[in-house]
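Contents: one structure, followed by commentary.
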Amino acid sequence: MSSTSQFSTLYSAEQIQKKVKDLGAKITKDFKGKAPEMLCILKGASFFYADLIREINLPLSCNFFGISSYSGTKSTGNIKITLDLISSVKDKDIIVVEDIVDTGLSLEFIIDYLKSKKAKSIKVVSLLYKPGQIKVKNINVDYYAFELTNQFVIGYGLDYNEAWRELPFIAQMNSLN
Ligand code: 5GP
């Protein structure tokens with residue numbers, strides 16, 4: 001773990017784990033009788049994903065999809081697939097696991113892609129959600145842990161130019177170079 005005055009903690013590891021447990025319980029209840037496929041959006045959601053799926057008491061399966069759209073602290077809107085779906089989503093109940101929904105452009109891209117691959121149903125769980133930043137219509141974030149305004153955050157999987165993902169807490173950057 002690293003520590004620096006470059007950032008200040010917003011949500012502690014304990015606060016995060018409590019929310020993750022609650023989300024896992026909600027998803028377990030809502031998907032009773034189903035066997036959803038949990039789709040991890042790489043890289044940012046990987047820590048959240050690993051914790052969340054262990055709090056879901058269902059016969060689930062795992063899948064992975066990599067995209068990138070950010071440079072520094074800005075969403076470029078120029079979305080690239082960095083890793084295609086590991087396995088087919090056809091006829092499956094997919095739960096997309098995101099790190100953060102900001103403009104919603106990435107999520108819109110992911111949902112369109114999953115529809116084109118004939119997923120049976122698509123729900124979304126995001127660790128963080130910035131509702132004031134949304135630029136797209138008809139995007140539904142079904143579950144989320146914490147709501148943010150427009151601050152840029154790092155830690156628990158989220159990076160600043162690939163740094164700080166390993167922090168066990170979520171922090172706000174104080175100074176950005
Ligand atoms: P969107 O397409 O919704 O604008 O952005 C989604 C992606 O941008 C996220 O998956 C994440 O990688 C990145 N992102 C958006 N806001 C933040 C933030 O506050 N911190 C970090 N580290 N990444 C962010």
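Since every read-out is calculated from the coordinates, none of them should be taken as a lab result. These numbers were taken from a predicted model, which means no experiment stands behind them. So basically every Cβ, Gly included, is an ideal-geometry build from the backbone, and we count neighbours across all protein chains shown.
Quick notes
- Amide H partners (placed H, <5 Å) of Phe7, local residues excluded: Asn174
- Under 16 Å from Lys29, Cα to Cα: aspartates and glutamates that are on another chain or at least 8 residues apart: Glu37, Glu55, Asp93, Asp142
- In sequence order, the range 133-146 has phi-based couplings of 9, 4, 10, 10, 9, 6, 9, 10, 9, 5, 9, 8, 8, 9 Hz under the Karplus curve 6.51 cos²θ - 1.76 cosθ + 1.60, θ = phi - 60°, and Gly or Pro positions carry x.
- From most to least packed by mean Cβ count within 10 Å, the peptides 102-108, 32-38 give 102-108, 32-38.
- Secondary-structure-derived ellipticity at 222 nm for the chain, considering helices only, amounts to -7000 deg cm²/dmol, per-run term -39500 (n - 2.57) for DSSP H runs with n ≥ 4.
- If the Kirkwood radius is taken over C-alpha pairs of the chain, then at 37 °C and 0.692 mPa s the Stokes-Einstein diffusion coefficient equals 199 µm²/s.
- Built amide H within the under 5 Å cut-off of Ser61, gap 5+: Glu37, Met38
- Phi-based couplings in Hz for the range 59-69 (Karplus 6.51, -1.76, 1.60; Gly and Pro marked x): x, 8, 10, 10, 9, 9, 8, x, 9, 9, 8
- Across Lys32/Lys120; Lys19/Lys92; Lys90/Lys123; Lys92/Lys130; Lys92/Lys118, pairs whose alpha-carbon gap is larger than 19 Å: Lys19/Lys92; Lys92/Lys130
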